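The values are calculated or read from the model by the stated rules, or taken from the named source; none is laboratory data. None of the values given here were measured: they were computed from a predicted structure. Virtual Cβ from ideal backbone geometry, glycine too; neighbours counted across all protein chains shown. Only protein heavy atoms, including side chains, enter the accessible area calculation; ligands, DNA and RNA are left aside. Shrake-Rupley method; radii C 1.70, N 1.55, O 1.52, S 1.80 Å.
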Amino acid sequence: MSVQTRIVSEDEADLRLDRWFRRHFPNVTQGALQKLCRTGQVRVDGKRVTGASRLVPAQTVRIPPLPDASTVAKEGPPPLDPMLAREIERMVIYRDDKVIVLNKPSGLATQGGPGIIKHVDMMLEGLQGDSEHRPRLVHRIDRDTSGILLLARTPGVAAKLAAAFRGRDVHKTYWAVVVGRPTPASGVIDQPLAKLGAGNGALVIAAERDDEDAAHARTEYETLDGAGRKISWLGLSPLTGRTHQLRVHCESLGTPILGDPRYGGKLAHPEGFTDRLHLHARALDIPHPDGGRLMVAAPLPPHMRDTFKDLGFVAGETPKPERRHGGGAERAVAKTGRSARR
């Protein structure tokens, strides 16, 4: 086999190079691809890349001679465990021919990594059905965060939704129970963030504005209810999408999220409460690939439901998924976040 060149299609926009390779050359292992990238044998537009590099339509990918598929085991991956297939099916709160929306439980990772043996990504085959395409993740939420997770049912839909997330045409509402009461009761947290370390042990910290390693980060917040000044229920809308943004921004207000295992220290773990992160991706408002907008809300996880009951917070009915044509998206999500406390 000789060197070949392939063009990245519109349907493959923003796809990672390693995932692009798995799609086109499933016999090439992750380790083999890393070596090909490291030695410069795989290039994009003539430049060295890594497996994590994102692709852009019309780019050219240089592909060196690859191992013959006949030298690789013919057997594909083992079928998904039926128990995992049933588990992910129970997470579905909305589905049409373009997207699937899950209500991810707290404690389940979105993707794999060191020490992670079970995650949403490995379970997506259970939602493929008769489609030729395996659903794919459009975004991620932390392992300890519960709530809405969006899937695309085809590569083309994934590209459209990824562009919407990059273009800030997606409105997200989170609910959090925090320790303390923020002052003022509502506003915008405009606090740059910086990452310390790498991998699973990395921490995100509030940074100075002139820190060259800091990333711009903004979050809208509103106090929806409170138990005196000890505990508050906040509605949070991230205006940027930084790692651990909501958790660090709440900490920077002096009101860390209840049960946060990484931020807030002892203050985040008062006695008498379930020691689990109380952060829930409550609502999502997105431009639907077929036009108009889709608004979906996810019910609270059991541990937050119990905390709400103990504190007298009233979450109310969870709105049913809704497709809308026309404007008013931002107002619709705001209503989803507030109406449940009445």
Taking the convex hull of the alpha-carbon atoms of the chain and averaging its shadow over every direction gives an area in square nanometres of 19.4 nm²
What number do you get for the range 1-64 when its Cα radius of gyration is normalised by 2.2 N^0.38 Å, N = residues? 0.98
Mean projected area in nm² (Cα convex hull; one quarter of hull surface) for the range 98-246: 10.7 nm²
Lysine pair number, Cα distance threshold 21 Å (strictly under), the chain, separation 8 or more or different chains: 13
How many percent of the accessible area of the chain is carbon or sulfur, using a 1.4 Å probe? 49 percent
Positive end of the charge dipole of the range 221-291 (Lys, Arg +1 and Asp, Glu -1 on Cβ, about the Cα centre): tell me which of Tyr263, Leu246, Thr223 has its Cα farthest that way. Tyr263
When the Kirkwood hydrodynamic radius is evaluated over all pairs of different C-alpha atoms of the range 193-262, what value in angstrom, to one decimal, is obtained? 13.2 Å
Hey, how much of the P(r) for the range 157-308 falls beyond 22 Å, as a percent of Cα pairs? 45 percent
Relative contact order for the range 197-254: what is it in percent, counting Cα pairs under 8 Å that are at least 6 residues apart? 32 percent
Gln30 paired with Ile116, simple spin-label distance in nm, labels 7 Å along Cα-to-beta-carbon: 1.0 nm
When the solvent-accessible surface of protein heavy atoms is calculated with a 1.4 angstrom probe, in what order do Asp142, Asp130 fall, highest first? Asp130, Asp142
What length, rounded to one decimal in nm, is gained on full extension from Asp97 through to His133, with 0.36 nm per residue of separation minus their alpha-carbon distance? 11.8 nm
Rg and Dmax of the range 1-150, using alpha carbons, in Å: what are they? 17.2, 48
With the contact rule set at Cα under 8 Å and sequence spacing of 6 or more, what percent relative contact order holds for the chain? 13 percent
I'd like to check one number: the per residue accessible area of the chain, probe 1.4 Å, reported in Å² as a whole number. 51 Å²
Can you grab the distance from the C-alpha centre of the range 173-237 to the C-alpha centre of the range 112-132, Å, no decimals? 30 Å
